[in-house]
Amino acid sequence: MTDSANSSNDTPSTRPMMEVTVFRGDDSAGSYQRFDVPREDNQTILDVVTWIQRHADPSLTYRFACRVGMCGSCAMMVNGKPRWTCRTHVKRVLIGNRIEIAPLRNLPVIKDLATDMTEFFEKWDRAEGKFHPTLTRNDDIVPVNPESAERQAASAGIECINCGVCYAACDTVEKNPAYLGPAALNRAWTLINDERDGGREVRLKAVSGDGGCHNCHSQQGCLSYCPNELNPTLSIAGLKRTTAVAALKGEI
Amino acid sequence: MLGAKLYLAQRLTALLMAPFVVIHLAVMIYAVRGGLDAAEILGRTQGSLWWGSFYGLFVVAVSIHAAIGLRVIVFEYLKLSGVALEALMWFVGVVLLLLGMRAVFAVVG
Ligand code: SF4
Ligand code: SF4
Ligand code: FES
């Protein structure tokens, strides 16, 4: 965002302003600070945060990279709801003339709007959200039928950008710190359905532990907020079904 | 907190309880409408292997299902975990089983 893109010809005093309260601080101490930010016709929440940092308080800390909904680094709580801020338009979320911006829920706060996502990514690992190859580079490429039921199930969940929005929306994550969370479990489900993957058994075990898929209450908070319209609840239901059958057969 | 085995146990007992509840309610309504009083009902249930196993199994399913359900609620809202949580789950299950079986014997025995 350039300055020219964010300013109009109006003088500051005649431009419509909105009231933005922003969380400042970290886990040990923090409070909300108010800023009056000029409104623009086309303005995202990330534009608002950037305006504050550039024009009101350069010490404001936040995280972003791509600004186009690709990298997943800009998620924050906006008026109490988790959102990707670079693609959330102010006019869609404004309540009255106010916006409250806070760091993503369910994660430790490093400073202001930047959360520590270590735990979120470590849970991907713990859910065996990594590919277990069965072939080497010397083998021929095995064709994958895009129409097969497994591939369709995998494809339905692969467009995850690791933004953590679902993780922030999930009450089970809040109540059970060991819970792997919707994103990691969704990832595990895509790999279970990947016919090239060889890690089925370890993965089914990994998602059946203390923080596993069975702790999900299927209330679909993740599904309601995922900006990419993925359905982690459905993926987790698939994991529950598959692990239940495996447990009955004594495989896990 | 809830692994595959407990999850499975809770789902299977739910599967069992659903038809049991329906049968229980249907028979009760049928019996009362038919004008049977308590003594007459007891006369039919006492010594019946069928009603004994029906309600016996019902009680077992309820005890397992409720104990696991309470385990989840107590963990999430009262933050109880570890051995204390296991102990509470077993305690609830066993108490429900004992109380339930006492009732079953009273009706069937
Ligand atoms: S459906 Fe499951 S994973 Fe999704 S928000 Fe609810 S508890 Fe969390
Ligand atoms: S599943 Fe959706 S909300 Fe969750 S991390 Fe992936 S893209 Fe974000
Ligand atoms: S900045 Fe990359 S997704 Fe928002």
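Largest accessible area first, the listed residues A:K249, A:K81 line up as A:K249, A:K81 when surface is computed with a 1.4 Å probe on the assembled protein chains. For A:R34, neighbours were defined as the other residues whose beta-carbon sits under 13 Å from its Cβ, and their charges (Lys and Arg +1, Asp and Glu -1) total -2. Burial here means at least 40 square angstrom less accessible surface with every protein chain in place than with the chain by itself, probed at 1.4 Å; in segment A:144-179 the buried residues are A:K175. At a threshold of 30 Å², the residues of segment A:230-252 that become less accessible to a 1.4 Å probe in the full protein assembly than in their chain on its own are A:K240, A:A244, A:A247, A:L248. With every protein chain in place and a 1.4 angstrom probe, the accessible-area ranking of A:I141, A:I45, largest first, reads A:I141, A:I45. Note on B:A31 and A:T118: their simple-model spin labels are 6.2 nm apart, each label 7 Å out from Cα toward Cβ. Mean residue ellipticity at 222 nm, helices only, the protein assembly as shown: -15500 deg cm²/dmol; runs of at least 4 DSSP H residues each add -39,500 (n - 2.57), and the sum is divided by the number of residues.
What part of the accessible area of segment A:118-248, given as a whole %, is carbon or sulfur when the probe is 1.4 angstrom? Walk me through the intermediate numbers first.
Numbers: 3170 of 6370 Å².
Of all accessible area on segment A:118-248, carbon and sulfur atoms account for 50 percent.
Counting only Cβ charges, +1 for Lys and Arg and -1 for Asp and Glu, the dipole size of segment A:102-196 around its Cα centre is about 200 debye. The residues of segment B:2-32 listed by number as losing at least 50 Å² of accessible area in the complex, against the isolated chain and with a 1.4 Å probe, are B:L2, B:A4, B:Y7, B:L8. Pairs of lysine residues in the protein assembly as shown that meet both criteria, 8 or more places apart or on different chains and Cα atoms under 17 Å apart, total 11. Note on A:F121: accessible area is roughly 90 Å² with a 1.4 Å probe, heavy atoms of protein only. Cβ-Cβ distance of B:R11 and A:S148, R₀ of 22 Å, FRET efficiency by 1/(1 + (r/R0)^6): the value works out to about 0.20. Kindly express, to the nearest 10 degrees and within the range 0 to 90, the angle between helix B:49-78's C-alpha long axis and the longest C-alpha principal axis of chain B. Value to nearest ten degrees: 30. Could you let me know the centre-to-centre spacing of segment A:221-237 and segment B:1-75, using Cα atoms, in angstrom? Computed from Cα coordinates, the inter-centre distance equals 35 Å.
Per residue, the solvent-accessible area of segment A:111-252 (1.4 Å probe, heavy atoms of protein chains only, all protein chains present) comes to 48 Å². Computed from point charges on the beta carbon alone (+1 for Lys and Arg, -1 for Asp and Glu), the dipole magnitude for segment B:11-108 about its Cα centre is near 100 Debye. Taking both sides together, the accessible area buried where B meets A is about 1200 Å² for a 1.4 Å probe.
Electrostatic bookkeeping for B:W90 treats Lys and Arg as +1 and Asp and Glu as -1; over the other residues with beta carbon under 15 Å from its beta carbon, the sum is +1.
Heavy atoms only, probe 1.4 angstrom, no DNA, RNA or ligands counted: give me A:H132, A:H217 ranked by accessible area, highest first. Don't jump to the answer; show the numbers that get you there.
Numbers: A:H132 50, A:H217 80 Å².
Ranked from most to least accessible, the order is A:H217, A:H132.
Relative contact order of segment B:11-108, taken over Cα pairs closer than 8 Å and 6 or more residues apart, is 38 percent.
Using only side-chain charges placed at the Cβ, +1 for Lys and Arg and -1 for Asp and Glu, the dipole size of the protein assembly as shown relative to its Cα centre rounds to 620 debye. Bridge orientation summary for the protein assembly as shown: considering DSSP beta bridges with both residues in this region, about 85 percent are antiparallel. Using a Förster distance of 30 Å, how high is the FRET efficiency between A:R92 and A:S218, based on the Cβ-Cβ distance and rounded to 0.05? The formula returns an efficiency of 0.65 here. Taking all protein chains as they are arranged and a probe of 1.4 Å, the heavy atoms of A:D27 leave approximately 110 Å² accessible to solvent. Placing unit charges on the Cβ atoms of the charged side chains and taking the dipole of chain B about its Cα centre, the candidate lying farthest along the positive direction among B:V107, B:F91, B:A31 is B:F91.
The values are calculated or read from the model by the stated rules, or taken from the named source; none is laboratory data. Nothing here was measured: the structure is a model prediction, and the numbers come from that model. For neighbour counting, all protein chains shown are included, and Cβ atoms are generated from backbone atoms with ideal geometry for every residue, glycine included. These area figures cover heavy atoms from the full protein model, side chains too; ligands, DNA and RNA do not enter into them. Shrake-Rupley method; radii C 1.70, N 1.55, O 1.52, S 1.80 Å.
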